1. Give me the summed buried accessible area for the A-B pair, 1.4 Å probe, to the nearest 100 Å².
2. So what's the net charge close to A:Arg265: Lys and Arg +1, Asp and Glu -1, counting the other residues with Cβ under 13 Å from its Cβ?
3. Once R0 is set to 56 Å, what does the formula 1/(1 + (r/R0)^6) return for the Cβ-Cβ distance between A:Lys454 and A:Ser187, expressed as a FRET efficiency to the nearest 0.05?
4. Label the stretch A:523-575 by shape, choosing from rounded, prolate and oblate, from the square roots a ≥ b ≥ c of the eigenvalues of the Cα gyration tensor; if a/c is under 1.5 it is rounded, and otherwise prolate applies when a/b is larger than b/c, oblate when it is not.
5. In the Gaussian network model of chain B, springs joining C-alpha atoms below 10 Å, which of B:Lys59, B:Lys176, B:Lys89 carries the largest mean-square fluctuation?
6. Compare the Cα positions of A:Ser109, A:Cys564, A:Ala163 along the charge dipole of the protein assembly as shown (+1 at Cβ of Lys, Arg; -1 at Cβ of Asp, Glu; about the Cα centre) and return the one farthest towards the positive end.
7. If you restrict to DSSP beta bridges whose two residues both lie in the protein assembly as shown, what percentage is antiparallel, to the nearest 5?
8. Is the shape of the stretch A:250-360 best called rounded, prolate or oblate, per the rule: a/c under 1.5 gives rounded, else a/b larger than b/c gives prolate, else oblate, with a ≥ b ≥ c the square roots of the Cα gyration tensor eigenvalues?
Amino acid sequence: MKTLLLGNEAVARGLYEAGCRFVSAYPGTPSTEITEAAAKYDELYAEWAPNEKVAAEAAIGASIGGARSFCAMKHVGLNVAADPLFTVSYTGVNGGLVLAVADDQGMHSSQNEQDSRHYAIAAKLPMLEPSDSAECLEFSKLAFDISEEYDTPVMLRTCTRVAHSQSIVELGSRVERELKPYAKAPSKYVMMPGNAKIRHPIVEERMQKLVRFAETSPINRIEMGDTSVGYVTAGICYQYLRECFPSASILKLGMVNPLPIELIRSFSEKVDKLIVVEELDPVIETQIRACGIKVDGGKDIFGYCGELSQNKILKALGMDTPSFADFGEPLPPRPPTLCPGCPHRGLFYTLGKMGVMVSGDIGCYTLGSLPPLSAMDTTVCMGASVSGLHGFNTVRGSESAKKSVAVIGDSTFIHSGITGLIDIVYNKGISTVIILDNSITGMTGHQDNPTTGKTLKGEPAPVVSLEKLCEAVGVRRVRVCDPYALGELRAAVEEELNAAEPSVIIARRPCILLPSAKISPALFVDPEKCKGCRQCMTIGCPAVSFSDKKASIDSTLCVGCELCTQMCKFDAILKKEVE
Amino acid sequence: MSETKGIMIVGVGGQGTLLASRILGHVLMRRGYDVKMSEVHGMSQRGGSVVTYVKFGEKVYSPLVDLGEADYILAFERLEAARWLSYLKEGGTLILNDRRINPMPVITGAMEYPSDIVEKISAKGARIISGDALSLAIEAGSAKAVNVVMIGILSVLSDFPENEWQEAIAACVKPKFLELNKKAFSLGREFALKILKS
Ligand SMILES: Cc1ncc(C[n+]2csc(CCOP(=O)(O)OP(=O)(O)O)c2C)c(N)n1
């Protein structure tokens, strides 16, 4: 049967058909839907792990336990999982093991655009890169076969335009696979120096064998056409190139590590000029050049930053692109915003008013850094709010600790905030940490996490209590606040900032998009009472706007959270009369 | 250049643009076209500017519609129509839900919402079909059905039979909302037929 699937759904389908049994992941755009789609197959065990390192380790354990196993993450998640990655390369696998990583060229939803192909090279692992949904399905199945045949984990690299594009796939059926027997084999699975020294040469030999596989595998294919220029490319860039040049000669790499250098060499000899088309870093280009193959164009024309597209390729090559009409005026940008009724808004309003330094983190609440709230000083990576604040306050002294806070979401706190909090307590810091507990992993589209009481499959689960967790690591001052109650919230923050010991404030209220959130009738502005002071505009709510010297509230957007009501000194914002 | 067609659906995160593309994808696939659609999930869905690209033809390679390549743009909001105008092909058609949603820089007073967007776009020579899809959606029973009203308008401009669109809608919406969406689709069609006559 043929159907339209997202690249991510097609990867999940590949897992299903390949007889994979175990999936563990931490969400991250653009990889999240792989795991969500995998969870819909009853035959697959699928879970959300607290972070990518745990997910990868769980998948490694499941592989050693004899099952075809899988783990998915976004590119920065691979940094978190890098520690197990480099050593599982030495141990190899029992059941096939595939690790998918989704890059985000163009940074549609990410804090950097690192190129994960470097990891495959550094960890000495094979990496496949599909260019559409059909290949997502095909390559994820092939990845398991390679994994078992060569005793290696296999990496599957996608990107936003593959992960989040739908294209047509042909569905196959599942091949059930028996659990492989487990036999204790310390020389293979206990990586201490004596054993690892024996495994390293095996890894190098494996790489040589994989090169031979790459030289002959049909996933690296030459499509010969006009021989004046030959293009070497992989992944989504293949699609852009083919659209530009239907009859060009293209060497399309399905495997981006290791490279089939002899295949590339013979291709280069058949064409007059060789051009390498790849996004981000010159990973293919540098290796080709190092082997003495002449490259006539690459990063020098395409650059290192952002995504390519059909027109960008044509332009870089000095060719014509379609003409178009521009609107011709500078337009106001439309950045994402905290939703009307978002429980994070009240906290950022309060922190902004107090003028404290805010050590920030990653999640919906990062939007608190945008005007008019503008209440965030730093955002580096998940967890860095808490540990970063500890370093900041340690060098700047106890006065600094009275004027600074860390803000971190519930999911992010479990991911990697708790270790930072232990650092504060253990090293006698006095910093204040605010956990924005909206009972969900919001930014990535509502995934459950260990604090929400539900598993990925929707079953009830034990709840990790944030209060007890913080108390257990030695924080004595732990309190819970409602972020809608601005007065109370501000008093709590002031009190905890002045305490000469570490404190945690849990600002707790469910994400407004959750079914459990309380939605009240829309508020309205009484134009008679409104003095046009714009105070209600300072909370940055998309439902509140200002025209003709009066505020007004969009009834289709307002959820009645009454944050704006608390701003108004003239009682001009009212609830609907009850009929 | 290969003979593929491009449609873009642009709007504000949360306006339901993804359902519109799903219906469109369904129709196109049933017609035997090769289809690719590119969406952006994640960050921008929180009230930001959003875009979905739909490509179809005998064989589609790139899932993206690039500058000057869109045969149709379905814009769910006026400012977004202006923002993505440069993607419209010469001779392409812009279908606009003539509604204003202020972005944060306008709300905070840092920037002005551009005036006379529809007139300015027309002055650039673009063919524009503009209407109040929101009111039609509300008439059908829910403000959320704007996406299906827009699909109804597009369906009149395409040469695919009406029943194929109806089938796609039935396949893509929850049975509970089918009647509402059918109504929204018909209202969109009626509106477009009226405009095309005049
Ligand atoms: C290492 C890493 N993994 C995953 C992500 C993707 N990501 C960004 S924020 C976030 C979680 C946000 O959830 P939470 O902390 O609960 O805050 P909320 O969005 O609900 O406010 C995730 C998974 C990332 N940026 N970095």
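The values are calculated or read from the model by the stated rules, or taken from the named source; none is laboratory data. If you're wondering where the values come from, they're calculated on a predicted model, not measured in any experiment. Methodologically, a virtual Cβ is constructed for each residue, glycine included, from the backbone with ideal geometry; neighbour enumeration extends over all protein chains shown. Surface accessibility is based on the protein's heavy atoms, side chains included, excluding ligands, DNA and RNA. Shrake-Rupley method; radii C 1.70, N 1.55, O 1.52, S 1.80 Å.
1. 5100
2. In short, 0.
3. Details: r = 42 Å, r/R0 = 0.74.
Calculated value: 0.85.
4. Details: a/c = 1.34, a/b = 1.26, b/c = 1.07.
Rounded, because the longest to shortest axis ratio a/c is under 1.5.
5. Among B:Lys59, B:Lys176, B:Lys89, the largest GNM mean-square fluctuation belongs to B:Lys176.
6. Checked the options; the winner is A:Cys564.
7. Working: 34 of 102 bridges.
Within the protein assembly as shown, antiparallel bridges account for around 35 percent of the total.
8. Since a/c reaches 1.5 and a/b is larger than b/c, the shape of the stretch A:250-360 is classed as prolate.
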